[in-house]
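Derivation of every value follows stated rules applied to the coordinates shown; laboratory data play no part. This is a predicted model, so every value here is computed, not measured. Using ideal geometry, Cβ is built from the backbone for each residue, glycine included, and neighbour counts are taken over all protein chains shown.
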Amino acid sequence: MSSLLTRRRFLIGGTLGTGALALGGGYALEQNVDVDAVLRSAETLTMGAQRTLLRHRPLAREFSAADISPTFRVNGTQAPDSKEYAALREGGFADWKLKIGGLVNRPLEFSLADLKKLPSRSQITRHDCVEGWSAIGKWTGVPLGLMLHAAGLKPNARFAVFHCADELEKTFDGSGRYYESIDLIDAFHPQTILAYAMNDQNLTVGHGAPLRLRVERQLGYKQAKYVMRIEVVDSFGGLWGGRGGFWEDRGYEWYAGI
Ligand SMILES: Nc1nc2c(c(=O)[nH]1)N[C@H]1C(S)=C(S)[C@@H](COP(=O)(O)O)O[C@H]1N2
Ligand SMILES: [Mo]
């Protein structure tokens, strides 16, 4: 609970940091404000502003091999603690399959070997965690857009939801399964990949084995680790807390643009 409170306090500070531009400086947070309403309005402004700014600079910065951080922190879940995950890990993820379903014409399943045969992209990028640390790493994986094309989106598709293997917190509404979601602009962005390798090695368990999302223009918590299933939806209102992600359900912004 105390870590949640700390994160929330940090978030409010962080949101005001960006929000100050849009909302005007000196906004009195100490007073009795509806924090959720502030977060929501700041999010809308930030998202609109960022989408406009990024129109002509659509790629996140990429770095060179010399810039790769010697250590890259493991954050959040270090290893999912379910029996199912332990069994998959034991078998070197040979029995793991990524499932893609929801609003698609052809639900698909990919083994890790299947994924490694598909066209891949590598990118050296900076990961920025909302808790105040950054690290540069090299990620290799399959462009998400390619897989969504293969599955074929139904006309009402709007978001890709990533369901993860880990429960970060077991007390929230009975379950704290990690999940995340992005819109189709980010889903089809060329740097949005499902990564199976980091710094030219198979992803370690700490960093999200066997597969994690990289959506490079957003903050660390959007980078879902332990992705088991992708669900294409027209709204995430019916999922868990209804705000599109584990941390979003706990007050973070859904559009976590950097
Ligand atoms: N499934 C899952 N994904 C997750 C998390 C998590 O706890 N579980 N933590 C998020 C946060 S806050 C960050 S900063 C990054 C950390 O990734 P890393 O452990 O590879 O540094 O993963 C994100 N994705
Ligand atoms: Mo993070």
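Counting charges near Ala197 (Lys, Arg +1; Asp, Glu -1) among other residues having Cβ under 13 Å from its Cβ returns a value of +4. Taking label positions 7 Å along the Cα-Cβ direction at both Leu168 and Ala94, the computed distance is 3.3 nm, reported to one decimal.
Figure the gain on full extension for Thr71 and Asn202 (residue separation times 0.36 nm, minus the Cα-Cα span) and round it to one decimal in nm. Before the final figure, lay out the partial values.
Details: separation 131, 0.36 × 131 = 47.16 nm, distance 1.60 nm.
Gain on extension, Thr71 to Asn202, equals 45.6 nm.
Given the pairs Lys97/Lys117; Lys83/Lys116; Lys99/Lys225, which span a C-alpha to C-alpha distance of over 18 angstrom in this model? Lys83/Lys116, as the Cα separations exceed 18 Å there.
Based only on Cα atoms, what Rg/Rh ratio does segment 58-250 have, Rh being taken as Kirkwood's radius?
Values: Rg = 15.7 Å, Rh = 16.8 Å.
Here Rg/Rh amounts to 0.93.
Extension gain, Asp128 to Phe63: 0.36 nm times the residue separation minus the Cα-Cα distance gives 22.0 nm. The 3J(HN,Hα) values that the Karplus relation (6.51, -1.76, 1.60; θ = phi - 60°) gives for segment 113-126 are, in residue order, 5, 4, 4, 6, 8, 7, x, 10, 10, 10, 8, 9, 9, 9 Hz. Gly and Pro appear as x. How far apart, in nm, are two points set 7 Å out from the Cα along the Cα-to-Cβ line at Lys116 and at Lys83? Here the answer is 2.9 nm between the modelled labels.
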